[in-house]
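The block underneath contains the structure these notes are about, expressed in structure tokens.
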Amino acid sequence: MPYENKLICDNLSVNDEGHLLFAGLDTTLLAKEYGTPVYLMDEDKIREKCRIYKNAISKNLGSEGRAIYASKAASFKRMYTIMKEEGMYCDVVSCGEIYTAHKAGFPLEKAFFHSNNKTDNDIKYALRMGVGYFVVDNKEELLSLNKAAGKKGIKQKILLRLTPGIDTHTFEAVDTGKVDSKFGFAIETGAAEKITEKALVSKNVELIGFHCHVGSQLFDSDVYIRSAKIMFSYMTYIREKYGYIARMLDLGGGYGVRYLENDPVIDIAENIEAVANYLKKLSKENNYPMPSVSFEPGRSIVADAGLTLYTVGMVKKIPGFINYVSVDGGMADNVRYAMYEAPYTVLPANRMNERGDMRSTVVGRCCESGDIIQPGVLLPSGIKRGDIIAVCTTGAYNYSMASNYNRIPRPPVVMIKDKKPYVAVKGETLDDLIALDE
Ligand code: LLP
């Protein structure tokens with residue numbers, strides 16, 4: 001089978017007709033039923049990933065450990081319902097995510113509120129909604145939160161977001177743990193200590209512990225060990241100087257997923273076990289009570305639970321130069337190549353038994369040359385208008401980063417559970433596009 005190596009996740013397969021199956025269903029039939037573009041999401045895979053995290057955390061870190069879904073990766077009501085049912089916590093970064101979680105019935109006391117610029121209104125809203133934890137990112141936020149919590153007569157639980165000074169060598173836009181990051185307080189410069197001191201004397205907040213998140217799409221398990229080491233040594237320093245003992249240590253998200261066949265597969269359970277063992281060793285050596293440890297995965301929960309289907313519109317062969325295959329979506333529903341040159345596996349969903357003998361650049365429909373889904377894709381040379389193209393691993397940061405550029409309506413999200421598809425988010429209509437226009 002020509003595309004055998006490109007079936008990069010176990011929810012992909014091919015039937016006798018040469019059609020791509022996703023989560024056990026024929027993608028060409030799904031394209032017919034729901035139209036294209038369409039985001040497909042495999043609910044069973046999402047739940048499987050949640051359980052991998054939850055089981056590894058409870059086995060190695062006890063019931064105090066937390067698996068927090070970073071909901072920016074894919075945020076809509078159904079996701080929060082799944083997270084609630086799976087007993088996950090959630091990371092939220094805006095009033096929009098808080099509201100969506102709330103409307104889905106997600107218990108907001110299990111939410112961690114991130115963002116490097118929470119406005120006074122955001123802070124008030126989150127307090128009103130009963131968000132469990134604020135991950136405080138800067139001094140302005142601490143002052144505003146302390147004031148707002150005081151007005152409400154509550155003591156808000158907080159963590160401080162620290163930057164341990166680690167360069168993860170992934171792409172710049174998602175590298176967040178370095179000293180010069182816009183996020184959090186650097187340990188190295190003394191900013192972390194200053195804010196810790198301030199938090200400890202702020203009457204209306206309760207400092208629960210510390211947080212760090214060093215980057216995304218990481219394959220190097222050593223990164224977590226290195227950040228755990230730096231965070232722990234900071235915690236012991238703070239204990240010696242201020243007598244404060246952190247009850248929680250949140251190591252952020254970042255585990256990578258396979259976008260291409262050559263990407264490694266990460267054994268998340270094994271990785272968490274290694275980090276947990278290391279932390280236990282540090283706790284013992286330093287005689288520091290073991291804090292409750294959290295991980296905040298986004299991408300690794302949802303990425304390969306997603307797949308996008310498009311219909312081919314035109315095939316333009318410029319001999320000696322390039323072949324373009326254009327589809328009925330593009331940077332409006334998947335901006336990740338345009339933004340990060342992110343790699344993707346692209347498959348001819350209704351021609352999986354044909355050889356990929358035509359190197360093609362798969363482009364979108366936006367009026368912009370940079371509207372590229374993926375260059376260098378090997379597609380069958382017979383590909384033509386009406387064929388279906390599948391882009392794999394689109395569950396993370398595709399729907400959530402979608403726009404209406406060129407006034408293109410956002411596609412629906414169709415979930416598949418036990419081989420049964422259902423609409424989780426409706427596709428936008430033309431009327432939706434003008435709904436707010438005066
Ligand atoms: N925790 C915090 C504080 C974060 O900022 C993030 C992601 C996560 C957890 C989840 O990281 P993950 O497990 O998904 O790697 N739009 C980019 C990714 C940006 C990540 C932002 N923060 C992309 O499309 O690749």
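The values are calculated or read from the model by the stated rules, or taken from the named source; none is laboratory data. Source: prediction; values computed, not measured. So basically every Cβ, Gly included, is an ideal-geometry build from the backbone, and we count neighbours across all protein chains shown. Ligands, DNA and RNA are excluded from the accessible area calculation, which covers all protein heavy atoms including side chains. Shrake-Rupley method; radii C 1.70, N 1.55, O 1.52, S 1.80 Å.
So here's what we get for this one:
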item	result
Flag for Ile408 being in contact with an Asp or Glu (Cβ under 9 Å, 6 or more places away or on another chain) and over 20 Å from Cys366 (Cβ atoms)	no
Counted residues, the range 67-93 - those being within 13 Å of the ligand (Cβ to nearest atom) and either open to solvent by 40 Å² or more (accessible area, probe 1.4 Å) or over 16 Å from the mean Cα position of the chain (by Cα) (or both)	3
Residue count, the range 223-258 (criterion: more than 16 Å from the ligand (Cβ to nearest atom) and either charged (D, E, K, R) or within 16 Å of Pro291 (Cα to Cα) (or both))	19
Residue check for Gly190: in the same structural domain as Leu143 (by TED's automatic domain parsing) and either crowded, with 18+ Cβ neighbours inside 10 Å or touching a residue at least 40 places away in the same chain (Cβ under 8 Å) (or both)	no
Selected residue (only one of Leu20, Leu61, Leu30 is of a type in the set (A, V, I, L, M, F, W, C), surrounded by 20 or more Cβ atoms within 10 Å (Cβ to Cβ), more than 21 Å from the chain's Cα centre (by Cα) and within 30 Å of Val135 (Cβ to Cβ))	Leu61
Residue among Glu273, Glu285, Glu296 that alone is of a type outside the set (Phe, Trp, Tyr) and within 16 Å of the ligand (Cβ to nearest atom)	Glu296
Restricting the range 113-144 to residues that are under 21 Å from Asp250 (Cα atoms) and among the hydroxyl-bearing types (Ser, Thr, Tyr), the residue that is farthest from the chain's Cα centre (by Cα)	Tyr133
Test: residue in the range 205-218 that is away from the ligand (no atom under 16 Å from the Cβ) and free of Cβ contacts under 8 Å to residues at least 12 places away in the same chain	no
Positions within the range 115-145 being of a type in the set (Lys, Arg) and assigned to a helix (DSSP H, G or I), in sequence order	Lys124, Arg128, Lys139
Neighbours by Cβ (under 6 Å, 6+ apart or cross-chain): first from the range 394-409, farther than 22 Å from Val302 by Cβ; second within 16 Å of the ligand (Cβ to nearest atom)	Tyr405/Ala332; Ile408/Ala332
Counted residues, the range 381-420 - those being in a strand (DSSP E or B) and crowded, with 20+ Cβ neighbours inside 10 Å	9
Residue tally, condition of a type in the set (Gly, Ala, Ser), closer than 22 Å to Leu21 by Cα and open to solvent by 10 Å² or more (accessible area, probe 1.4 Å), over the range 327-362	1
Residues satisfying the stated conditions in the range 1-29, i.e. part of a strand (DSSP E or B) and of a type in the set (S, T, N, Q)	Ser13
